[in-house]
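Just so it is clear, none of the values below were taken in a lab; they were calculated from the coordinates. None of the values given here were measured: they were computed from a predicted structure. Please note: Cβ atoms are built from the backbone with ideal geometry, for glycine as well, and neighbour counts cover all protein chains shown.
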Amino acid sequence: MSNAPVKVAVTGAAGQICYSLLFRIASGALLGPTQPVELRLLEITPALKALEGVVMELDDCAFPLLSSVEIGDDATQVFDGVNLAMLVGARPRSKGMERSDLLEANGAIFTAQGKALNDHAADDVKVLVTGNPANTNALIAMTNAPDIPHHRFNALTRLDHNRALTQVAQKAGVPVAEVTHMTIWGNHSATQYPDLFHTEISGRNAAEVIDDQAWVEQDFLPTVQKRGAAIIEARGASSAASAANATVEHMRDWVTGTPEGDWISMAVPSDGSYGVPEGLISSFPCTVTDGEYSIVQGLEIDDFSRGKIDATVAELAEERDAVRSLGLI
Ligand code: NAD
Ligand code: LMR
C-alpha cells in the first residue's frame, strides 16, 4: 500500500459504535502502523454537533497516522473518492424489537447510500455494512450501486464469529488463539448457525474434543445466536466496543488477508455455494488473498448443519422479499 492516505468513510459517526471504531482506525488498528488514513464521517444533520465533539477528541489524540477528518450530512460529498466504506449508521434495536422491525426504518438509508457510493466512491471501494439488519442492508446498498462489483459489498458477522470462538475456548478451557476454523453461516440474527463441526481446537475437531451435543444444541448455539439481545438486556444498549472491534477486524482482514491456515466468517454475496441462493448476502467461511475473498469450498455439511443453514438462509430470502416488496431493491 502506498503512503498516500487511504480514504475511509464511516457512517453513524456520532453513535456509540463509532465512539470506539474511529479511534481504532485512526490509531492504525485497521491498516497498520505506517498507513495514513483520511476519515470521512457521515451523520444526520441533528447529530453533526455531537460529531464535532468527537472530532475534537480525535484531534486531542494527536494520532500520527490521521491525515485529515471531514464531516458532513451529504453522502455524495462524504463518499467522494473513498476507498473503504464502513456503513454503521442505522437505528439500533432496542429492548423487545426484532431485526425485522428495522427493515423498513433502515432500508431507506441504504438505498441512498448505495447510490451515493455508486456515483462518488473510488473505483476500488470496499463496503462493509454493520448497521442492522446488516445482511439485508448490504443487499439494498449493493442493488442500488449497479456500477460497483457485487463482491465489494460485505456484511458483518465477525462479531458472531468472535463470540463463538470465546464460547468454545471457555468450554474447552483453552486460550482463544487455540480455536480456529470457526464458521458462522447465514444471517446476523438469532437464526445464524455457528458451526462447531468444522471448528478446530489446537488442530483437532472441536465437536469431537468437546463431545457434548447437548451443550452444542442447548448452550453454545443459543448463547451465540442471542448474544446481541443478552448484551442489550445487560447494558441497556446494543453492543458497541465489541462491534467496533469486529468491524475493524473484518475490514482489516479483507484488505490485508486472512491468517495462514485459517479462515474467517464474512457475509458476502452468495455465488450459490453450499446451496445458498445466488445474490443473498450470507455468511460463509472465507479466506482473503491480495484483497479478494474466496468462499472456502468442499466442506462436508451433515443433516444437522444442513437444516440450520437452510433455516437462516430462508430468513435471508424472506428479508429480501420484504425489502423487494417495499421497493428498496
Ligand atoms: P447509535 O444509535 O449509537 O448510532 C447510530 C448513529 O447512526 C446515530 O448517531 C445516528 O444519528 C446515525 N445515523 C442514522 N441515520 C443515519 C444516516 N442516514 N446516515 C448517517 N448516520 C446515520 O447506534 P450504534 O450502537 O452505534 O449501532 C449502529 C448500528 O449497528 C445499529 O444498526 C446496530 O443495531 C448495529 N450493530 C450491528 C452489529 C453487527 O454485528 N452487525 C453489532 C452491534 C450493532
Ligand atoms: C449485536 O449482535 O450485538 C447487534 O447486532 C445488536 C443486536 O441488535 O443484536
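Rounded to two decimal places and with Rh computed the Kirkwood way over Cα pairs, what is Rg over Rh for region 4-91?
Rg/Rh for region 4-91 comes to 0.93.
Taking every Cα atom in region 6-155, find the radius of gyration and the maximum pairwise distance Dmax, and write them in Å.
Cα-based Rg and Dmax for region 6-155 come out at 14.7, 44 Å.
Looking only at the chain, where both bridge partners belong to it, what percent of the DSSP beta bridges are antiparallel (to the nearest 5)?
Approximately 45 percent, going by the DSSP bridge assignments.
Measuring from label point to label point, each 7 Å out along Cα→Cβ, what is the residue 119 to residue 302 span in nm?
Once both label points are built, they end up 5.3 nm from each other.
Give me the percent of Cα-Cα pairs in region 173-329 that sit more than 26 Å apart, rounded to a whole number.
30 percent
Hey, in the GNM for the chain with a 10 angstrom Cα cutoff, which one of 212, 74, 119 fluctuates hardest?
Residue with maximal mean-square fluctuation among 212, 74, 119: 212.
How many angstrom lie between the Cα centre of region 170-224 and the Cα centre of region 252-329?
18 Å
With each run of n ≥ 4 DSSP H residues scored as -39500 (n - 2.57), what mean residue ellipticity at 222 nm is computed for the chain after dividing by its residue count and rounding to the nearest 500 deg cm²/dmol?
-13000 deg cm²/dmol
About the Cα centre, and with charges only on the beta carbon of Lys, Arg (+1) and Asp, Glu (-1), how big is the dipole of the chain? Nearest 20 debye, please.
660 debye
For region 243-329, state which GluC sites (Glu not before Pro) are in a DSSP loop and have at most 12 other beta carbons lying within 10 Å of their beta carbon.
For GluC sites (Glu not before Pro) across region 243-329 that sit outside H, G, I, E and B with at most 12 neighbouring Cβ atoms in 10 Å, the list reads 260, 278, 300.
On the principal axes of its Cα set, how long, how wide and how thick is the chain? Give whole Å, largest value first.
For the chain, the Cα extents along the three principal axes come out at 52, 45, 39 Å.
Do any GluC sites (Glu not before Pro) in region 87-180 lie in a loop, going by DSSP, with at most 15 other beta-carbon atoms within 10 Å of their beta carbon, and if so which?
Qualifying residues, ordered by number: 98.
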